[in-house]
Amino acid sequence: MSHSIRLMWKIFAPMQDGVATYAPGLSSLFDVRRSGTFLSDIGGTIQTDFCPFTLDPTKLFLSNTQTRLKAFGIARGRAPYLAPLGDAAGAASIDVNAGLHVYGRDVCLSLECEPFEVENLDRIQALRELSNHAALMGLARTWMAVATSNDRRALPQPRHYRVFPCISIRDLGETPPPDDRLLASLLTKHPQISKAVETQVLEKNRTQQIDETSILLDRQGIVGHAPALVPGEQWRGHARRLRSCMSMLEMVAAMQRLFMSPAPDQTLLQQARQAVHREAKALLPNSTSAQHAWRLLNSEFELVGLSAEVRVHNEEGTSLNQTNNTAANAPRRSVLCVAAATVEMAAVKRALTVEFGQGKLKPFADDFGVLFHDGATDVDWMLVASSFQAQVETASYVPSLIADLRPTIVLMVGMCMGMPEAALPPGTVVVPNEVFNLDHRREVEAGTEYRPHGERVAKQLYKLADILGPDVTDYKVETRKGLASSSAKIENPSADVIALIAHAFPDVAAVDMEGFAFYRATERLPALWIKAVADRGEAPAPSAGGQEAKRSTQAAVVENAIDFAIRVARAFFDAAAH
């Protein structure tokens, strides 16, 4: 049993500020020419003037990048390079081709690996991610640093790239084909997807399945599959359609970026609008499959709506520059992630760095946060630390963050105490369906009299977490229990308030210091409290070693909480995209 795999990526980044756009004869690093072969790859005798410039590297470019690429283990001084893949490939170094297109002020780098064989598809998800191939990431960053600056001395800088993975799978010999769920999960970038999402992906791509081979595409990328022993003509036709879809994906992604640019190239803008509003049969008169692919991608990238907005504003007398400025400055899809305790902030920041890459310190209003970018969903994450814990701080601080940052969703991530009676093991992630506030109380002769208030919080994001929870196998996720919030820090599992909760609210599984206030502060937005059980209210040992052991446990369980938070956020934005 084996498969032939081919990995390809389309990688976008804007040119750096102050750098002139490319034109023929104006760069010593690239021969700049109009890319006629790009339109030929799309096929269907496409009827459009929208076409990128190709940047062909000169000897000066190649000589200046060769030494840098050697540091990543890449051989040869020009494409095709000989580069090692990540551990998931199980393959030696393979040939990798690279090519550059430029659309006004957007650069697109295409990386294409030669096919290689794998015994099974157990690690196919890891293969698809460019970030899992250190040498190829080094190649991409080196080429993009020079191309986006037109400066041979430019070094790779931490920046966000929009990456579209494209993967081709060909079964060999008598290998059984992968099931539809695996192919759909590769496309959506989620290792585990529901049957509903699988059905949705397959249904919208139904018109792409014209023989035994298949192609799945959407705004995330492309997956192609050919079963073993398909006739040669079928395989060649599949390869041509896959090449067409890849070029078309690049085109529509470039158009979307153009429509949202604050200063678009006016000629390209007009050409893009004409193509978007043209009937598919007129745009691609000689290929029915290309027409279907164009309609699907046009819809996935919302090109008609974006270009129509440009037209409406233009008819009202607003310049195209001003119109696109409005679109570009519209709130991005984003996550506000709030952490309270110091150990929570450190653990969440560390996990986001591993998942998304190094974050950037970002000032806003009179505050600071750490900005990350999830390339899988093209969503920004702003991580902010609350300087104080408990309900009052949360009730006042979170609304100010929402007003300043205007996030799409809000998450509070960290650790909590597990109720002794619930017996949840450390590391269990809790997402409550109801929350009770225990801060309202009276001091009377008989002692403290609690006046709890409660409410259900089983809203939109909770529903998603409730669906995803059973799919997690690395740790337990509890979504069918309640949360009690008290500003008092509890380090005694026999405290009166714990006894009260156990007696009056037997469905409460966890206790924290901010949950009730968090949900009150986020009433008008999708929000979710996601914390993992760290203990059952025991006080830390007085020794330095005991305290360090507790901090270590706390940091470890927070990793579960932020892992599940990422799963929920990605599922939310992916569902919204579909």
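The values are calculated or read from the model by the stated rules, or taken from the named source; none is laboratory data. Because the structure is a prediction, the values reported are computed rather than measured. Heads up, the Cβs are rebuilt from the backbone with ideal geometry, glycines too, and the neighbour counts pull from every protein chain shown. The accessibility values were calculated without ligands, DNA or RNA, using every heavy atom of the protein model including side chains. Shrake-Rupley method; radii C 1.70, N 1.55, O 1.52, S 1.80 Å.
Can you name every residue in segment 317-337 that is modelled with pLDDT of 50 or more and out of contact with any Pro (no Cβ under 7 Å at 6 or more places or on another chain)?
ARG332, ARG333, CYS337 - these are the residues of segment 317-337 that are modelled with pLDDT of 50 or more and out of contact with any Pro (no Cβ under 7 Å at 6 or more places or on another chain).
So which residues in segment 191-207 are of a type outside the set (A, V, I, L, M, F, W, C) and surrounded by fewer than 21 Cβ atoms within 10 Å (Cβ to Cβ), if there are any at all?
PRO191, GLN192, SER194, LYS195, GLU198, THR199, GLN200, GLU203, LYS204, ARG206, THR207, listed by residue number.
For segment 49-56, does any single residue satisfy the condition of being under 20 Å from PRO156 (Cβ atoms) and of a type outside the set (S, T, N, Q)?
yes
Consider THR58 carefully, then state whether it is open to solvent by 40 Å² or more (accessible area, probe 1.4 Å) and β-branched (Val, Ile, Thr).
So THR58 fails the test.
Only one residue in VAL223, VAL276, VAL252, VAL230 is touching a helix residue (DSSP H, G or I) at 6+ places or on another chain (Cβ under 7 Å) and more than 18 Å from TYR103 (Cα to Cα). Which one?
Working: VAL276 fails: more than 18 Å from TYR103 (Cα to Cα); VAL252 fails: more than 18 Å from TYR103 (Cα to Cα); VAL230 fails: touching a helix residue (DSSP H, G or I) at 6+ places or on another chain (Cβ under 7 Å).
Step by step, each of VAL223, VAL276, VAL252, VAL230 is checked, and only VAL223 is touching a helix residue (DSSP H, G or I) at 6+ places or on another chain (Cβ under 7 Å) and more than 18 Å from TYR103 (Cα to Cα).
Does segment 14-25 include one or more residues that are of a type outside the set (A, V, I, L, M, F, W, C), part of a strand (DSSP E or B) and either open to solvent by less than 20 Å² (accessible area, probe 1.4 Å) or closer than 27 Å to LEU136 by Cβ (or both)?
Looking for residues that are of a type outside the set (A, V, I, L, M, F, W, C), part of a strand (DSSP E or B) and either open to solvent by less than 20 Å² (accessible area, probe 1.4 Å) or closer than 27 Å to LEU136 by Cβ (or both), one finds at least one in segment 14-25, hence yes.
Please determine whether any residue of segment 238-248 is at pLDDT below 90 and touching a Leu at 6+ places or on another chain (Cβ under 8 Å). Full working, then the answer.
Let us first name the residues in segment 238-248 that are at pLDDT below 90, namely none.
No.
Quick check: is even one residue across segment 200-207 within 21 Å of SER4 (Cα to Cα) and aliphatic (A, V, I, L, M)?
The answer is no, given that none of the residues of segment 200-207 is within 21 Å of SER4 (Cα to Cα) and aliphatic (A, V, I, L, M).
Mind listing just one residue for me: the one in segment 98-139 that is assigned to a loop (DSSP other than H, G, I, E, B) and open to solvent by 30 Å² or more (accessible area, probe 1.4 Å) and, of those, farthest from PRO84 (Cα to Cα)?
So, considering only residues that are assigned to a loop (DSSP other than H, G, I, E, B) and open to solvent by 30 Å² or more (accessible area, probe 1.4 Å), the one farthest from PRO84 (Cα to Cα) is ARG105.
Please state which of the following conditions THR142 fails to meet, knowing it meets all the rest: (1) assigned to a helix (DSSP H, G or I); (2) open to solvent by 20 Å² or more (accessible area, probe 1.4 Å).
Answer for THR142: the failing condition is (2).
How many of the residues making up segment 339-363 are without any contact (Cβ under 8 Å) to a residue 60 or more places away in the chain and closer than 19 Å to LEU401 by Cα?
Qualifying residue count for the region: 7.
How about segment 215-308: which helices (runs of 4 or more DSSP H) wholly inside it have at least 2 residues that are touching a residue at least 40 places away in the same chain (Cβ under 8 Å), under 25 Å from ALA575 (Cα atoms) and not β-branched (Val, Ile, Thr)? Explain how you work it out, then say what you get.
On the way: elements: 232-259, 266-276, 280-283, 288-300.
Answer list for segment 215-308: 232-259, 288-300.
Every residue in segment 258-309 that is more than 15 Å from ILE46 (Cα to Cα), more than 26 Å from the chain's Cα centre (by Cα) and of a type in the set (Val, Ile, Thr), please.
Once the filter is applied, which keeps residues that are more than 15 Å from ILE46 (Cα to Cα), more than 26 Å from the chain's Cα centre (by Cα) and of a type in the set (Val, Ile, Thr), segment 258-309 yields only THR267.
Out of the residues in segment 444-468 that are part of a strand (DSSP E or B) and free of Cβ contacts under 8 Å to residues at least 12 places away in the same chain, state the one that is farthest from the chain's Cα centre (by Cα).
The extreme case among them is VAL444.
Looking at (1) hydroxyl-bearing (Ser, Thr, Tyr); (2) modelled with pLDDT under 90; (3) surrounded by fewer than 19 Cβ atoms within 10 Å (Cβ to Cβ), which one does SER287 not meet, given that it meets all the others?
Single failed check for SER287: (3).
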